[in-house]
Amino acid sequence: MQSQDSFTQITLHYINGETESFDIPMTPEAFSEQLADFLSQPWLTLHLFDQTVIILTSQIVKVEATPQLTQLEGDGVFFDCQRVTALSRGAKV
């Protein structure tokens, strides 16, 4: 059995507003190295313990990953960002 830190949790947000989350059995470092390749594929295939899920990548509008993928660097990558919510909007930091 793999340790918990060798998994990356991803949440996929689809064009139709639905979301679903998966634990991917790879470290965040390994996942970040393959992320661009994953998303460039027309389909993703995830084998779960009881079924296989096949996802059309053109329907994904956002991917959230936990823990952070700090290995991603370059143009369009920003560090030390904060999510603004209705409760934090306008609050002085």
Exercise for the section: Could you tell me how many degrees, from 0 to 90 and to the nearest 10, lie between the Cα long axis of helix 28-40 and the main elongation axis, the longest principal axis, of the Cα atoms of the chain? Expected result: 80 degrees
Problem - Approximate shape of the chain as ellipsoid semi-axes (Cα gyration tensor, √5λ), whole Å, largest first - result: 25, 17, 15
Fill in the blank from the handout: Sequence order, the range 47-56: Karplus ³J(HN,Hα) from phi using 6.51 cos²θ - 1.76 cosθ + 1.60, θ = phi - 60°, Hz rounded, Gly and Pro as x, gives 8, 8, 5, 10, 6, 10, 10, 10, 10, 7
Practice task
Give, as a single signed number, the net charge of other residues whose beta carbon lies under 13 Å from the beta carbon of TYR14, with Lys and Arg counted +1 and Asp and Glu -1.
Solution key: -2
Fill in the blank from the handout: Residue separation between SER58 and GLU33 times 0.36 nm, minus their alpha-carbon distance, gives in nm 7.0 nm
Completion exercise
Cβ-Cβ cut-off under 15 Å around LEU48, Lys and Arg +1, Asp and Glu -1: the net charge is -3
Practice task
Can you work out the accessible area per residue across the chain, with the rest of the protein chains kept in place, probe 1.4 Å, in square angstrom?
Solution key: 79 Å²
Exercise for the section: Just name one of ILE55, THR45, GLN82: the one whose Cα is farthest towards the positive end of the charge dipole of the chain (beta-carbon charges, Lys/Arg +1, Asp/Glu -1). Expected result: GLN82
Practice task
May I ask you to evaluate 6.51 cos²θ - 1.76 cosθ + 1.60, the Karplus curve with θ = phi - 60°, for each residue of the range 9-19 and list the ³J(HN,Hα) values in order in whole Hz, giving x for glycine and proline?
Solution key: 8, 10, 10, 9, 10, 9, 3, 7, x, 6, 9
Exercise for the section: Given the peptides 73-85, 25-37, arrange them by the average over their residues of other C-beta atoms within 10 Å, most packed first. Expected result: 25-37, 73-85
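The values are calculated or read from the model by the stated rules, or taken from the named source; none is laboratory data. Model, not experiment: these values are computed from the prediction. Glycine gets a Cβ as well: all are built from the backbone with ideal geometry, and neighbour counts include every protein chain shown. To get the accessible areas, we keep the full protein, side chains included, count just its heavy atoms, and leave off ligands, DNA and RNA. Shrake-Rupley method; radii C 1.70, N 1.55, O 1.52, S 1.80 Å.
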